[in-house]
Amino acid sequence: MKKGFSIAVALAVVLMMAAPVFSADTKDKVGLGARGGIFFSGGEWKLGPMGGAEIKFGVHKNVAIGLVGTYGHTKGGMLEYDANSILKMVSTDEDSLKLRIRHHIIEAAGWFNITPDAPYNFYLTAGVGVDSWRVRDKSGNKVDVADTAGNAFEFSDQAMTLMFGAGVEYFIIPEFSAGLALRYHLLTSVFSQFKDEKDIGDDIDAPSGVFEIGVGVTAYLGKCDDDDKDGVCNESDQCPETPKHCIVDSVGCPIDTDGDGVCDGVDKCMDTPKGCKVDMSGCQTDADGDGVCDGLDKCPDTPKIAKVDANGCPIDTDKDGVADYLDKCPDTPRGCKVDADGCPLDEDGDGVCDGLDECPKTPAGLKVDAKGCPTDYKIDWETVLVGVTFSVNSAVLTDKDKATLDQTVDALKAFPHVRLEIQGHTDSSGAYDKNVELSQKRAQAVADYFVAKGADGGRFDVKGYGPDKPKVDNSTAENRAKNRRVELKRLN
């Protein structure tokens, strides 16, 4: 018997340690329990097995009321009369001589849950009821005893009980617990026959109370409190304020498959792409109606008539900076500058758009190549302005010189992108420093004339070289006249 109880306790402990952790609110639930263990009456009545059942109703998470039933039997000594003819209970080693006492107890009880919100619920219990006990021999026959008047009656009795106890239950799942219980049932004189005319003395060893220790299991039936009506009891609900109609997981938290912030069950658009803004129904919003949801739309104010790309921005097929829905010239070549309508600009009207035109200020009427540059004019890398020579010690342009320069002006206008170095030179006669100064004045005179004719002065570098770069040797007057000159050198 002791071995069986030890095994039961060990199994209960292992089950508690291996099971998941739950707490349970038993309010408004009916608990149906069964227990088993050992029973002790005291005196000659030794340890014995017990079993029981109970039913309780949770009126509050801390309080339950119900009924407890207990059955237990033990073995004791034998009855015999002493020398004074007084019946006594004496011990014996022979099992066949030992009497059996059987207790049937039913009590109205209450439970106070000390830790209802924890996985291990410690509780106190108390109750009042009746114990109907009877003594039998080994064969189950009733045993008679005599009262003080010599009248024989059955050795049995009933008494009002006062029960006190404590225990702990571990919730394996919210609807099922296992635990340990200790209870003492005090037998009072109320309802007892062993008094007055039935008094049989103090040595009969009638029990004054019984003690039990056992393990038990309890199943809880009925609906639990579920404040947010999501089907998960409050004690297990980790999201106790779930909105109505949301689908929840096992711990009562809303499921949101597409991660848009609207729970499944309420979400009418379950496949919303991540990043999209949604309305109360979980459907994506699209303020500009371009088919790309708000949140992913990088151009949220696109007109409805515009075709857009995956980012919600207007498509610009020719990449000219003007969206297709506004572009009146949708096939503009790449690199062309365009106006607000997406059409190419051509400032010099030569048929080559600005942006691709390498000679953007070609005079009207000139033929140009594919780059927009005139085909009728050419500026060499180094050009000597034949006919533009200077008298000795002079930097003044003659009318003839100007006529020669006018031809160059037309070429400069045709090639506005060309930059030039205007070089002034002298012959070797005279002082060197004065020659350098004179050559600078000659070069500047040509540059000033070009600017006066409309050329951009920023295109020119003006420099006098004096006698340092003669075209021919200075041995004759004719050669010295050739060296008093201006040359143009292309810089790009």
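What to note about this one:
- Segment 382-490: Rg to Rh, with Rh as the Kirkwood radius over Cα pairs: 0.96
- A simple spin-label model places the labels of Lys469 and Leu162 13.1 nm from each other, with each point 7 Å out along Cα-to-Cβ.
- For the chain, the residue among His104, His73, Leu180 whose Cα projects farthest onto the positive side of the dipole built from Cβ charges is Leu180.
- The reciprocal of the average 1/r between distinct C-alpha atoms defines the Kirkwood hydrodynamic radius, which for segment 199-335 equals 21.0 Å.
- Spin-label pair Asp271/Glu421, simplified geometry with 7 Å Cα→Cβ offset, distance in nm: 7.2 nm
- Label point at Ala481 placed 7 Å out along Cα→Cβ; residues across segment 389-414 whose backbone nitrogen lies under 18 Å: 389-402, 404
- Compactness of segment 53-125 - radius of gyration and Dmax, Cα, Å: 20.8, 63
- In sequence order, calculated HN-Hα J values of segment 36-42 (Karplus, 6.51, -1.76, 1.60; Hz; x Gly/Pro): x, x, 10, 9, 9, 9, x
- Segment 272-316: relative contact order in percent, alpha carbon pairs under 8 Å with at least 6 residues between: 28 percent
- Pairs beyond 25 Å (Cα-Cα), from Lys244/Lys298; Lys400/Lys482; Lys371/Lys469; Lys337/Lys361; Lys413/Lys469; Lys361/Lys402: Lys244/Lys298; Lys371/Lys469; Lys413/Lys469
- Between 0 and 90°, nearest 10: helix 399-414 axis offset from the chain longest Cα axis: 20 degrees
- Normalised by residue number, the volume inside the convex hull of the Cα atoms of segment 30-153 is 137 Å³ per residue.
- In this structure, Ala118 and Lys298 have a Cβ-Cβ separation that, at R0 = 41 Å, corresponds to a calculated FRET efficiency of about 0.15.
- Relative contact order [Cα under 8 Å, 6+ residues apart], segment 382-490, whole percent: 40 percent
- FRET efficiency for Ser91 and Glu154, using Cβ-Cβ distance with R0 set to 22 Å, rounded to 0.05: 0.45
- Kirkwood Rh in Å, taken over all unlike Cα pairs in the chain: 34.8 Å
- Across the chain, the mean sequence separation of Cα contacts (distance under 8 Å, 6 or more residues apart), normalised by length, yields a relative contact order of 9 percent.
- Ellipticity estimate at 222 nm from DSSP helix runs (n ≥ 4, -39,500 (n - 2.57)) divided over the chain, nearest 500: -4000 deg cm²/dmol
Each value in this text was obtained by applying a stated rule to the coordinates, not by laboratory testing. Keep in mind the model is a prediction, meaning the values are calculated, not measured. Note: ideal-geometry Cβ built from the backbone for every residue, glycine included; neighbour counts use all protein chains shown.
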